[in-house]
Amino acid sequence: MTLPKHIAIIMDGNGRWAQLKRKPRTFGHIKGTRVAKKIITACSRKGIKNLTLYAFSTENWFRPQTEVSFLMKLLRRYLRRETENLVKENIRFSVIGDLSRVPSDVHSAIQSAAEATSQCTGLNLVFALSYGSRQEITLAVREIAQQIADGHIAPDDIDEALISTSLSTYPTPDPDLIVRTSGEQRLSNFLLWQAAYSEFYFTETLWPNFTEAHLDEALNAFSVRQRRYGKVATNDNLEKLSN
């Protein structure tokens, strides 16, 4: 089976899962964190090279302050508890997003986890935290504009490669597969540039119910997709589809 080099997951449905259980939304977030841990480990052991999890968007800051504070505390607790396990599993951890809005204790936990795992050579785990793709692209455009203003590059030097290397995701490759749980079928401001040729997999399963078996279903679906990148199908791809 052909595995994607990079999986990106929009972990959606924690609140609805909790509501169905007649529990507070925080209950769903706790369960969702436990599921994330299992999926991270599963991806690592399956040999996936890169995994990006949409942990908290720029729009999520508009949620009730009590929920935002809880999510930040949950993230801090996860990082403090799991950093040792990440090292054990040879998983390198990093974050993309606007960390200026993140509480200082959470920021410190992020830095500690990133430093502790910096020499790990297995799965590259990325949390998209306080992340919005439009914001990311806007910042990249500003950076390129400043380089032009400073005389370091000319407008004609701008190409896709320059834009890609100016994004916060660099040097992680673009996602081959983007998974979204809970039945929603949109990107929600996630990796808009990087998703140009990604395969999408949508499932009705709410994130707290997502298991390794569901992950395997997504991987199996990906393995039979025909990825042409705008080109004509090759004989190999046609044979792959017919089997």
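General observations
- Here the chain carries DSSP beta bridges of which approximately 0% are antiparallel, counting only pairs with both residues inside.
- Relative contact order for the chain: 27 percent, from Cα pairs under 8 Å spaced at least 6 residues apart, divided by residue count.
- Relative contact order for segment 73-136, counting Cα pairs under 8 Å that sit 6 or more residues apart, in percent: 46
- For segment 192-224, GluC sites (Glu not before Pro) meeting the loop criterion (DSSP other than H, G, I, E, B) and having at most 10 other Cβ atoms within 10 Å: Glu204.
- Length-normalised contact order for segment 42-148 - Cα pairs under 8 Å, 6+ apart - percent: 42
- Solvent-accessible area assigned to carbon and sulfur over the chain amounts to 50 percent, based on a 1.4 Å probe.
- Net charge dipole, the chain: roughly 1360 debye, given to the nearest 20, about the Cα centre with Cβ charges of +1 for Lys and Arg and -1 for Asp and Glu.
- With the helix formula -39500 (n - 2.57) applied to DSSP H stretches of n ≥ 4, the chain reaches a computed 222 nm mean residue ellipticity of -14500 deg cm²/dmol.
- Those residues of segment 106-120 whose amide nitrogen sits under 20 Å from the label point placed on Trp61, 7 Å along Cα→Cβ: 106-111
- Förster radius 35 Å - calculated FRET efficiency between Arg77 and Asp156 (Cβ-Cβ, nearest 0.05): 0.10
- Amide H to amide H, with H built 1.01 Å from N, Ser130 comes under 5 Å of Phe56, Ser57, counting only residues 5 or more places away or on other chains.
The values are calculated or read from the model by the stated rules, or taken from the named source; none is laboratory data. This is a predicted model, so every value here is computed, not measured. When we count neighbours, we look across all protein chains shown, and the Cβ atoms used for this are built from the backbone with ideal geometry, even at glycine. Protein only, heavy atoms only, side chains kept; ligands, DNA and RNA dropped before computing areas. Shrake-Rupley method; radii C 1.70, N 1.55, O 1.52, S 1.80 Å.
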